[in-house]
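Asks: Here it is: the structure, laid out below.
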Amino acid sequence: MDALLSDLERSGPEMFGGPLRAVAVLTRDVGDLAPVGDDVLAARRRRGTAARVARRALSLASLVQGAIADRPESSRAWSWNLREISERLVDAQANGSGDDLATACLHHLARVADLVLMLPQASEGEDWQLGAIAFADESLLADLREACLDLALAALRLAGGSPH
């Protein structure tokens, strides 16, 4: 798990546009978490996909946090969110939740998508953060950030090889 967190820390956030585009990308990735086959390569692909989902969920959380507090400093938001995920991982490992992590990822993605659809949608070329700052309720943005962190946590646990 330490290696996954170190990789995330070094890589930094991924820029893929606004939240709606991020949800589309995350949906494709979470769909790839469904187990296909029992071979060693399938397990490695699943862990790799889970790590990608975690990175992208953290990236979206950092973008959202930028709209709440740190605009335009995404690297500061990235560090803050990564630190919070590290703390949550320790708690999750101590509590040993028995949830199916792939199903948990799907559940958290649904929550993220629901919240993103509540945001004011920017037209092409507009800065979505400006619209969110001007027209969205800050609690909606905070809930979206939390949902992204929950998705990242479940994905990291799956990438770390936890069966549950």
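The values are calculated or read from the model by the stated rules, or taken from the named source; none is laboratory data. These figures come from a predicted structure and were not determined experimentally. A quick note on method: Cβ atoms are made from the backbone with ideal geometry, for glycine too, and the neighbour counts reach across all protein chains shown. Keep in mind that these areas ignore ligands, DNA and RNA; they rest on the heavy atoms of the full protein, side chains included. Shrake-Rupley method; radii C 1.70, N 1.55, O 1.52, S 1.80 Å.
Asks: Report the residue count in the stretch 25-60 for those that are outside any helix (DSSP H, G or I) and over 18 Å from ALA110 (Cβ atoms).
Replies: The first filter runs over the stretch 25-60 and keeps only residues outside any helix (DSSP H, G or I), leaving 32-39.
Filter once more, so that each one left must be over 18 Å from ALA110 (Cβ atoms): 35-39.
Total satisfying the criteria: 5.
Asks: Got a number for residues in the stretch 27-48 being in contact (Cβ under 8 Å) with a residue 60 or more places away in the chain, of a type outside the set (Gly, Ala, Ser), closer than 14 Å to LEU158 by Cβ and touching a helix residue (DSSP H, G or I) at 6+ places or on another chain (Cβ under 7 Å)?
Replies: So the answer is 4.
Asks: Any chance you could count how many residues in the stretch 143-164 are modelled with pLDDT of 90 or more and either open to solvent by 40 Å² or more (accessible area, probe 1.4 Å) or not in a helix (DSSP H, G or I) (or both)?
Replies: Number satisfying all stated conditions: 3.
Asks: OK, next. Based on what the data block shows, is GLN129 at pLDDT below 90 and touching a Gly at 6+ places or on another chain (Cβ under 8 Å)? First the steps, then the outcome.
Replies: Values: at pLDDT below 90: yes; touching a Gly at 6+ places or on another chain (Cβ under 8 Å): yes.
Yes: the conditions hold for GLN129.
Asks: Of the residues LEU82, LEU101, LEU63, which is at pLDDT 90 or above and under 15 Å from the mean Cα position of the chain (by Cα)?
Replies: Checking each option against the conditions leaves just LEU82.
Asks: Could you identify the single residue in ARG28, ARG10, ARG44, ARG55 that is of a type in the set (Lys, Arg) and either crowded, with 17+ Cβ neighbours inside 10 Å or closer than 20 Å to ASP143 by Cβ (or both)? Even if it seems obvious, please write down each step before you answer.
Replies: Numbers: ARG28 fails: either crowded, with 17+ Cβ neighbours inside 10 Å or closer than 20 Å to ASP143 by Cβ (or both); ARG10 fails: either crowded, with 17+ Cβ neighbours inside 10 Å or closer than 20 Å to ASP143 by Cβ (or both); ARG44 fails: either crowded, with 17+ Cβ neighbours inside 10 Å or closer than 20 Å to ASP143 by Cβ (or both).
Step by step, each of ARG28, ARG10, ARG44, ARG55 is checked, and only ARG55 is of a type in the set (Lys, Arg) and either crowded, with 17+ Cβ neighbours inside 10 Å or closer than 20 Å to ASP143 by Cβ (or both).
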